[in-house]
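In what follows, a structure is listed as structure tokens, so that the remarks can point back to it.
The values are calculated or read from the model by the stated rules, or taken from the named source; none is laboratory data. Owing to the predicted nature of the structure, the values given are computational and were not obtained by experimental measurement. Backbone-built Cβ (ideal geometry, glycine too); neighbour counts: all protein chains shown. Surface areas here come from the heavy atoms of the whole protein model, side chains and all, with no ligands, DNA or RNA. Shrake-Rupley method; radii C 1.70, N 1.55, O 1.52, S 1.80 Å.
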Amino acid sequence: MTDEEFLKGFAEIVAADEASLTLDTPLASLEEWDSVAVLSTIVFVDENMGVALSPNVLQNVKTVADLLSSARALQA
């Protein structure tokens, strides 16, 4: 999955404007980053990257890049 594909899918989850969402975007700055978005992200990553993000991993991510890096690390 490319960075752009991830950003597009993640933007849909958090109802963000795809053009304004970057890898450097802090998750805390996203209004829609809530428990439902966390669960949706877990499903999105599982379906598209074939890995399961654990709640422990998600507690430590601060940016969209951290989220993507964590998912990619699980693929290795």
| task | Please name all residue pairs, on different chains or six or more residues apart, with Cβ atoms under 6 Å, provided the first residue is in the stretch 46-69 and is touching a residue at least 40 places away in the same chain (Cβ under 8 Å) and the second residue is open to solvent by less than 60 Å² (accessible area, probe 1.4 Å) and assigned to a helix (DSSP H, G or I). | result | MET49/ALA71; LEU68/PHE6
| request: State yes or no: is GLU18 free of Cβ contacts under 8 Å to residues at least 40 places away in the same chain and either among the aliphatic types (A, V, I, L, M) or not in a helix (DSSP H, G or I) (or both)? | output: yes
| query | Scanning for something over 19 Å from THR2 (Cβ atoms) and of a type in the set (Val, Ile, Thr), does the stretch 13-35 turn up at least one residue? | reply | no
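Would you check which residues across the stretch 14-29 are of a type outside the set (S, T, N, Q) and open to solvent by less than 40 Å² (accessible area, probe 1.4 Å) and list them? Please lay out each step first, then the result.
Going residue by residue through the stretch 14-29, those that are of a type outside the set (S, T, N, Q) are 14-19, 21, 23-24, 26-28.
The answer is VAL14, ALA16, LEU21, LEU27.
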| request: Could you list all residues from the stretch 30-45 that are in a helix (DSSP H, G or I) and either open to solvent by 80 Å² or more (accessible area, probe 1.4 Å) or touching a residue at least 60 places away in the same chain (Cβ under 8 Å) (or both)? | output: SER35, VAL36, LEU39
